[in-house]
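Written below as structure tokens is the structure these notes are about.
Each value in this text was obtained by applying a stated rule to the coordinates, not by laboratory testing. Nothing here was measured: the structure is a model prediction, and the numbers come from that model. Virtual Cβ from ideal backbone geometry, glycine too; neighbours counted across all protein chains shown.
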Amino acid sequence: MGGTGIVGIITGFGSICVNGLEVFYQADTPVDIDGSQSTSSDLKIGQLVSIDAISRNNNIRATKISVSHLMAGKIESVNTKDNTIQIMKQTIKLSGNTLGLNQVKVGNFVTLSGLVSDQGQIHASRIDGAGSNNLYMVSGTIRGNKVLNIPVRTTSSLKTDQHVQVKGDWNGTRLNANKITPSPIQRVIESHPNVVLQGLAPTDVQKPFQLQNFPVYTDSNTKMSGKDTKIGNTIIIKGNIDKTGVIRARSIDYIRDGKVNKPESNGLLNNVKQGDQSGRSDNATDQDKKSKPVEKHDLHHRTEKRDSYESLEKPDTIEQPENVEKPESIERPETIERPETVEKPETIEKPETIEKPETIEKPESIEKPESYEKPERPD
């Protein structure tokens, strides 16, 4: 199967922005959420998606989009000092970029989107109320009889290293599985020759490491960009997957989120309790999403490096948010240009060819009015 497999957090709309790529989709593009059929109208910023995509005319188009929540369960505790919550005895780290902080309340049943570090630390990107669906769920890689370090009891055998989603009943110490299904993440990554994968930076990317539980190898040809190389920062890998299931990285880009490292202040959750949602409530986010003109502007504020990666897309769509290029100063476009020069960024520079309008300055040829001096002919 050809095409590209993309796994990452949604950061913008109009099309959807994932891993800095602008991915176009149609109203009838197949969408599922946790295995249940859905529509593109249910896509939200902060959700983790797995996308089957193809490239046409320098545009990336989705043929299928799958949303995978990391967990679903009741919030058991809230630590306002460390900005963490617990669900099924697992500690989840919150940040200023976590959407839906207004849902953070002990006893609330929620669905959680996010990423997991190679050390097993969970970082939430979005929290939603679960509504009437109070079925516990966890997504991750099977390790022994655990998924995401949560003990799972099932009548069937669990295959180690398989990416799955488990739904069932939580008895306080383990999840009694009612249903176990393959995660779309593994299918998307393993069924495409090209992959774009988002995760959290490990200790050393120069050595073989795991990202989203997929083995990643680098070599002397792997292009590195980004100055914020701290452990746990977001990274985006572009590469190819070989027959053994190993991702051979062509480039690794360290992303410095403008807010993700700042909310270490103890007031984050306290502010939420006081009703300060800072525009991060579910309703506010969804309203932004429905208003695409506003959204494109607002969402690009959260999409730091979108413009650089969008070199794979229409230059016009990139240049529209020039008033948002301030984030580019945060995104260190120069660091981006290093990998992107390998990938077609020069195709973006084509706008310079648009500057050919200077050739349109043929109006200087209009200066032929000097030829109108022919009136001297009456002499």
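If you average the sequence gap of Cα pairs under 8 Å that are 6 or more apart and divide by the length of the range 180-219, what percent do you get for the contact order?
Relative contact order for the range 180-219 comes out at 24 percent.
Give a quick list of trypsin sites (Lys or Arg not before Pro) in the range 118-164 that DSSP marks as loop, anything other than H, G, I, E or B, with at most 11 other Cβ atoms within 10 Å.
159
Between the DSSP loop rule and a limit of at most 14 other Cβ atoms within 10 Å, which trypsin sites (Lys or Arg not before Pro) in the range 17-81 are left?
Loop-located and lightly packed - 81.
Across bins of 10 angstrom width beginning at 0, how are the C-alpha pair distances of the range 16-165 distributed, in whole percent?
Taking every Cα pair in the range 16-165, the percentages come to 10, 37, 34, 16, 2.
What's the percent breakdown of Cα-Cα distances in the range 93-184 across 5 Å bins, shortest bin first?
Computed distribution, short to long bins: 3, 13, 22, 23, 21, 13, 5, 1, 0.
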